[in-house]
Amino acid sequence: LYIKDTQAKFVVTNLHCALHMGFKATDELLGKSDFDIYPQHLAAGYYEGDQSVIRTGQPLLNYEETIIDCRGNATQILTTKVPIRDKDGRITGLAGVGIDITEQKRADADLRASRELFMLLLDSIHEGIYGIDVHGTCTFCNPSCAGLLGYQGAAELLGKNMHALAHHTRSDGSHYPVAECHIYEAFRRGQGTRIDNEVLWRRDGTSFPAEYCSYPMLQDGNVIGTVVTFVDITQRK
């Protein structure tokens, strides 16, 4: 937390701000500007951001910027700056708050990398794979799943009930009730199952003999969904 005057010099600051800039106490930072702390090219950029708020009177809200700390490390800061006005409405400075979001940004980047790897793995597997929630609704699937079932892509399956879409009828043409579906054993017993004597149905109404495995997805010990893998075993049959 800090307050600067119209020349962008610190007039109020908290200890965290001072420590981040390499000072041991807040009074060591008072009266200084970014030009006293950072290299010229960095200070000029910080100064221009401050002056923009002071000139226009418009606050800068939740702006992400990179700041160099006292050890020379780049840190990601979520910054908010608002103009300070006197009783006559004249701008006399600005107040700012900076939140260090470096770890959050790193965690976000790691999560994106993990998701990209997950999707890459799904896309590389020839077996059909899809996930359903406890209502039987498709939450994800890979391209092989869509292709084997006769669809153009995952978007045509997401949000759809997979039993009603591809597992609704037995090979003899009789109705296949959800209550008897082996895929749902993962819900009913919390155990995986493997079946190789049933059929799955394509978008065009044709069927193919399939071998599938169904595994429960657990979160905190509770079943939250099922992952299903399947292959077309026409040649095997």
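At-a-glance table
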{"item": "Distance between region 1-34 and region 179-209 - C-alpha centres, whole angstrom", "result": "66 Å"}
{"item": "Contour excess over end-to-end distance, with Cα ends at Glu116 and Val134 and 0.36 nm allotted per residue", "result": "4.0 nm"}
{"item": "Counted charge near Arg170, where neighbours are those whose Cβ lies closer than 10 Å (Asp, Glu -1; Lys, Arg +1)", "result": "-3"}
{"item": "For Val82, net neighbour charge (Lys/Arg +1, Asp/Glu -1) across residues whose Cβ lies under 12 Å away", "result": "+2"}
{"item": "Helix 102-124 axis, angle to the chain major axis (alpha carbon atoms, nearest 10°)", "result": "20 degrees"}
{"item": "The chain, helix-only ellipticity at 222 nm - DSSP H runs n ≥ 4, -39,500 (n - 2.57), divided by all residues, nearest 500", "result": "-7500 deg cm²/dmol"}
{"item": "Average accessible area per residue (Å²) across region 78-237 - probe 1.4 Å, nucleic acids and ligands excluded", "result": "57 Å²"}
{"item": "Correct option for volume of the Cα convex hull per residue in Å³ [calculated from the coordinates] among [x] 146; [y] 174; [z] 211", "result": "[z]"}
{"item": "Net charge dipole size for the chain [Lys, Arg +1 and Asp, Glu -1 on Cβ; Debye, nearest 20]", "result": "240 debye"}
{"item": "Over region 102-237, relative contact order from alpha-carbon pairs under 8 Å, at least 6 apart, %", "result": "21 percent"}
{"item": "Accessible area of the chain belonging to carbon and sulfur atoms, whole % at 1.4 Å probe", "result": "54 percent"}
{"item": "Residues listed by number, region 9-43, amide nitrogen under 20 Å from Thr66 label point at 7 Å toward C-beta", "result": "20-22, 34-35, 37-43"}
{"item": "In degrees, nearest ten, helix 40-56 long axis to first principal axis of the chain (Cα)", "result": "90 degrees"}
{"item": "Residue-by-residue Karplus 3J(HN,Hα) for region 89-98, coefficients 6.51, -1.76, 1.60, Hz, glycine and proline x", "result": "x, 7, 7, 10, x, 8, 10, x, 9, x"}
{"item": "Mean separation of Cα contacts under 8 Å (6+ apart) over length of the chain, as relative contact order %", "result": "12 percent"}
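The values are calculated or read from the model by the stated rules, or taken from the named source; none is laboratory data. The structure presented is a predicted model; accordingly, all values stated were derived computationally and were not measured. Note: ideal-geometry Cβ built from the backbone for every residue, glycine included; neighbour counts use all protein chains shown. Accessible surface areas use protein heavy atoms only, side chains included; no ligands, DNA or RNA. Shrake-Rupley method; radii C 1.70, N 1.55, O 1.52, S 1.80 Å.
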